[in-house]
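The values are calculated or read from the model by the stated rules, or taken from the named source; none is laboratory data. On a predicted model such as this, the values are computed, not experimentally measured, just so you know. No Cβ is skipped: glycine too gets one built from the backbone with ideal geometry, and neighbour counts run over all protein chains shown. For the accessible areas, the whole protein counts, side chains as well, though only heavy atoms, and no ligand, DNA or RNA atoms are used. Shrake-Rupley method; radii C 1.70, N 1.55, O 1.52, S 1.80 Å.
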Amino acid sequence: MSAWVWYEAKMNKLNPAQRDAVTTLKGPLLVLAGAGTGKTRVVTFRIAELIRHRIKPERILAVTFTNKAAGEMRERAMALLGKKVKERPEISTFHSLCVKILRRHIRHLGYPSQFAIYDRGDQEGVARSVLREISGSEGILKPGDLLYFVSRWKNSCIRPDEAANLAETDKEHIASIAYRRYQNALKAAGAVDFDDLLLCTEELFAKFSKVRQAEADRFDHLLVDEYQDTNGSQYRIVKALAGGHRNLCVVGDDDQSIYGWRGAEVAHILQFKRDWPEAKVVRLETNYRSTHEILAWANRLIAFNKLRHGKVLQATKSGEPPRILQLEDEELEAKTVVGEIAGRIREKIRRAKDFAILCRTNEQPRAFEMELRRAKVPYVLIGGMSFYDRKEIRDILAYLKLLANPADEVSLLRIINTPARGIGQSTVKRLMEAAIARCKPLWEIFPGLEKEAWIPTPAVAAVAKFRDLIERYRQLAGVAASSSVKQMTLVEMLKKLLADIDYKAEIVRMYPAVQDQESRAASLEELVNAMGTYCRRTAKPTLAGFLQDIALTGNEEDRDKESKLERDAVALMTLHAAKGLEFPEVYMVGMEEGQLPHHRSVAADGASIDEERRLCYVGVTRAQERLTLSLALNRNKWGKARPTMPSRFLYEITGQAENPNYLAIKNGGGGRGKRG
C-alpha cells in the first residue's frame with residue numbers, strides 16, 4: 001500500500017466537520033474546536049493535506065504555545081507523511097519562532113545577534129540591582145513585585161514611556177521608573193527576557209518593513225493553534241506574517257480562553273471574521289473524551305457566557321451522572337475525596353494515575369497533600385519547583401552563560417565567588433563601583449587590576465584566577481578561538497568544568513544531609529544528560545544553542561509536568577495547569593464563591609466572571625467518565641471557621657440558576673446552599 005493510499009484510509013476516519021477543516025486549504029479559516037473534539041488531529045492532517053497538494057513543506061509554518069504541543073504536532077504530521085517526504089514544515093512555539101527571527105534581524109534594534117535570554121532568576125538579579133539604584137525603593141517594591149508589573153505591562157504591549165503615563169499608585173510609579181532602567185540594563189548586557197522575544201519581533205515588524213516582508217515571504221501557509229490564547233503581540237505578528245498570502249488557519253476554542261491574566265485576549269478569536277471578512281468557519285462539536293452526562297453540565301454552564309461563538313458539544317458515549325459533595329469543612333472535604341480515591345485504588349477499580357484533584361488556587365492542595373500522605377496514596381503536585389529552578393542548576397548554568405557572553409553581569413555576579421574563591425562582598429562592591437565609574441562592563445575591568453591600589457593583592461590574584469578559568473573554558477567550548485587549546489565536545493567540557501570548580505564539594509558544604517547531597521549531585525548529572533541529549537539531536541551543537549534550548553523550554557509553565565504525569569500517581573494541580581489534559585476521574589474541589597469564581601473576579605464581575613466560568617468549564621471537560629464537584633460549607637480564614645456560599649456555577653451547571661440562593665449570591669447577598 002502506497003503512503004498516500006494509507007493516508008487516504010486515515011482521512012476517511014475523520015468526521016465530516018474535521019474533514020471540512022482539513023480540506024479547506026485556501027484563504028482564512030477559523031476552526032472552532034471544542035474540548036475533546038480532535039483538534040490536534042485536524043491540525044496535523046491539515047499540514048499533511050497541504051503537502052499532498054504540492055505545497056512545499058518548508059513553505060508551511062505552524063505555531064503553538066508549548067514545546068510539548070509543537071513536538072506532538074511535528075511527530076504526528078511526519079508519521080502521516082511517512083518517509084516519502086524528506087523536507088519538514090516549520091512547526092514551533094511562538095517564542096521559538098521569534099528567537100529565529102531575532103537572530104536574523106535584532107541588530108536593527110541595537111542588540112547583538114547572539115543575545116542572551118534571561119530566565120526568572122536572571123531577571124530577579126537585574127530587578128534587585130535597578131531597585132537599589134532608585135533611592136529608598138527597595139522597601140516599597142521587591143524584585144518580584146517589579147517583575148510582576150513589568151511582565152503585566154509587556155503582555156499588554158506597554159513600553160516604559162507608556163507605563164509611566166499609566167501609573168496611578170506609588171508602587172506603579174516606582175515600577176515604571178525601574179522598568180526603563182530594567183530594559184536599559186538588559187540591553188547593556190546584550191540580553192532579552194522571555195516577554196521581549198515577542199515585543200522585539202513586533203517592534204522589528206513595525207519599524208522595518210523590509211524585515212517584515214522578508215519574514216512573511218518565507219511562508220505560503222500559516223496555521224495557529226490555541227488562537228484564543230494569543231496576546232496583542234502574537235496577534236499582530238500573525239497578521240504581519242499572513243497579511244500577504246491570507247492563507248491563515250487558526251484553531252481554538254473561545255470557551256477555553258483562561259489566560260486573560262497574562263495578556264491573552266479572547267477578542268482575537270471572537271472577532272476573527274472582522275479581521276478576515278472572507279474567512280470560513282468550521283465548528284468541531286463531536287466530543288470523543290467525556291460522557292453525555294458530563295457534557296450536559298458543561299454545555300449548560302458555558303451557555304451563561306454571552307460573548308462566545310455558539311457551539312454545543314455532542315458526546316459519543318454515556319456514563320454515570322456527575323455528583324456534588326457538600327462537606328462540613330475543608331478538612332472533611334479532603335478526607336472524603338482522598339478516602340474515595342484510596343478505596344477505588346485499593347479495590348483495583350482504578351489506578352492512581354486515573355485520578356485528578358483540581359483546585360482553583362495554589363494554596364488549596366495543602367489539605368489534600370496531607371490526606372494523600374496519610375492514606376499512603378502516591379501523588380504528584382503539578383506546579384512545584386522545576387528542575388531548572390534548583391540552586392545547583394542555576395549556578396552551573398550561570399557559568400555556561402558567562403562562557404557564552406562575558407557581558408552577562410547577572411551570571412557573573414552569581415558565580416564570581418561560587419564556590420568560594422576569595423572574592424568577598426566588599427571586593428565585588430569595589431569592582432562594581434569601578435565599573436560604573438569607568439562606564440564599562442564588569443568583565444572588562446578585570447585585566448590590569450594588579451596595577452590598582454584600591455583592591456587587596458589576594459583579591460587581585462583570585463579575580464585573575466577566575467578570569468583565566470572562564471577564558472580557558474570559552475576556548476574549550478569553542479566560543480573563543482585558540483590555536484593552543486584543543487576544543488572539547490560540550491559534554492566533555494561541562495564534566496571537566498564541574499570537576500575543576502569542585503562543585504560537589506560546594507554541595508557537601510551547603511547541605512549536611514546525605515540525602516540532600518545525593519539529590520543535588522543527581523541534578524548535576526541530569527544537566528550533563530540534558531546537554532548530551534541536545535548534542536545528539538542537533539546537527540551542529542553549540543553552547544549558545546544549548547542555552548537557547550533551555551531558555552525556551554525552561555520558561556514553560558510547569559516544565560516537568562509531562563514526566564510527573566507518567567507516574568502511577570494521583571495528579572494534584574490547579575485548573576489552569578489541567579488545560580489540555582484528561583483523566584478518567586476528576587474531582588473539582590472548593591466549589592465556593594470566592595474560590596471559584598475567585599474573590600478578585602467576583603469583585604470585578606463582567607468579563608472576569610466570564611473567564612472564571614470558562615475555567616470551570618475547562619475543569620469539567622477534563623473528566624472522561626466520572627466527575628465529582630465538592631465544596632466546604634465552612635472554611636478556615638486566619639484560624640477561624642467561617643461559613644461559605646456555594647459557587648454560582650453549581651446552580652448554573654445543574655439548571656438551578658433561578659434558585660433564590662443563586663440570586664442572593666449573584667446580587668452579593670448571604671444565600672446559603674442546602675447542607676447535605
Problem set entry | Highest to lowest packing among 92-104, 488-500, scored as the average C-beta count within 10 Å | 92-104, 488-500
Exercise. Which peptide among 221-229, 22-30 comes first, and what is the full order, when sorted by highest mean count of other Cβ atoms within 10 Å?
Worked result: 221-229, 22-30
Problem set entry | Phi-based couplings in Hz for region 570-582 (Karplus 6.51, -1.76, 1.60; Gly and Pro marked x) | 5, 8, 10, 7, 7, 4, 4, 5, 7, 4, x, 9, 8
Exercise. Which value in nm describes the separation of the simple spin-label points at Ala79 and Asn634, placed 7 Å from the Cα toward the beta carbon?
Worked result: 5.3
Exercise. In region 138-221, which GluC sites (Glu not before Pro) are in a loop and have at most 15 other Cβ atoms within 10 Å, using DSSP for the loop call?
Worked result: Glu138, Glu168
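For Leu469 and Thr169 in the same chain, what is the full-extension length gain: residue separation times 0.36 nm, less their Cα-Cα distance, in nm?
Here the segment from Leu469 to Thr169 would lengthen by 103.3 nm.
Fully extended, how many nm does the chain gain between His599 and Lys440 (0.36 nm per residue separation, minus their Cα-Cα distance)?
Gain on extension, His599 to Lys440, equals 52.3 nm.
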Seminar exercise, completed: In this structure, among Lys273/Lys311; Lys39/Lys86; Lys100/Lys540; Lys154/Lys187; Lys100/Lys210, pairs with alpha-carbon gaps over 18 Å are Lys39/Lys86
Problem set entry | Cleavage-rule hits, trypsin sites (Lys or Arg not before Pro), region 210-259, DSSP coil, Cβ neighbours within 10 Å at most 16 | Arg218, Arg246
Exercise. Under a 1.4 Å probe, what is the accessible area of region 364-465 per residue, stated in Å²?
Worked result: 49
Seminar exercise, completed: Taking R0 as 51 Å and r as the Cβ-Cβ distance between Cys535 and Lys348, the FRET efficiency 1/(1 + (r/R0)^6), rounded to the nearest 0.05, comes to 0.70
For this session: Mind checking which aspartates and glutamates have their Cα closer than 18 Å to the Cα of Lys561? Skip sequence neighbours fewer than 8 apart in that chain.
Result: Glu72, Asp354, Glu369, Asp389, Glu526, Asp549, Glu582
For this session: Hey, can you find the accessible area per residue of region 135-186 for me, probe 1.4 Å, expressed in square angstrom?
Result: 52
Exercise. Out of region 344-415, which GluC sites (Glu not before Pro) are coil in DSSP terms and have no more than 14 other C-beta atoms within 10 Å?
Worked result: Glu347, Glu363
For this session: Please give the per residue accessible area of region 581-636, computed with a probe of 1.4 Å over protein heavy atoms only, in Å².
Result: 25
Exercise. Okay, which of region 294-325 sit inside 16 Å, backbone N to the point 7 Å along the Cα-Cβ direction of Gln656?
Worked result: 297, 301, 322-325
Problem set entry | Residue-count net charge about Arg59 - beta-carbon cut-off 12 Å; Lys, Arg +1, Asp, Glu -1 | -1
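Net charge near Glu433: determine it from the other residues with C-beta under 15 Å of the C-beta of Glu433, scoring Lys and Arg +1 and Asp and Glu -1.
+1
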Exercise. Can you give the helix-only mean residue ellipticity at 222 nm for the chain, where every DSSP H stretch with n ≥ 4 adds -39500 (n - 2.57) and the sum goes over all residues, rounded to the nearest 500 deg cm²/dmol?
Worked result: -15500 deg cm²/dmol
For this session: Can you check what the net charge comes to around Trp297, using other residues whose Cβ is under 12 Å from the Cβ of Trp297 (Lys, Arg +1; Asp, Glu -1)?
Result: 0
Seminar exercise, completed: With R₀ set to 35 angstrom, the calculated FRET efficiency between the beta-carbons of Ala303 and Asp568, to the nearest 0.05, is 0.40
Exercise. Each label point is 7 Å from the Cα along the Cα-to-Cβ direction; what then is the distance between the points at Arg274 and Tyr148, in nm?
Worked result: 3.2
Exercise. Using only Cα atoms, what is the ratio of the radius of gyration of region 243-383 to 2.2 N^0.38 Å?
Worked result: 1.40
For this session: Kindly express, to the nearest 10 degrees and within the range 0 to 90, the angle between helix 292-302's C-alpha long axis and the longest C-alpha principal axis of the chain.
Result: 70
Exercise. At a Förster distance of 41 Å, what's the computed FRET efficiency of Arg104 paired with Ala9, Cβ-Cβ distance as r, to 0.05?
Worked result: 0.50
Seminar exercise, completed: Treating only Lys and Arg (+1) and Asp and Glu (-1) as charged, each at its beta carbon, one finds that the chain has a dipole about its Cα centre, in Debye to the nearest 20, of 1440
Exercise. Share of the chain's accessible area from carbon and sulfur, percent, 1.4 Å?
Worked result: 51
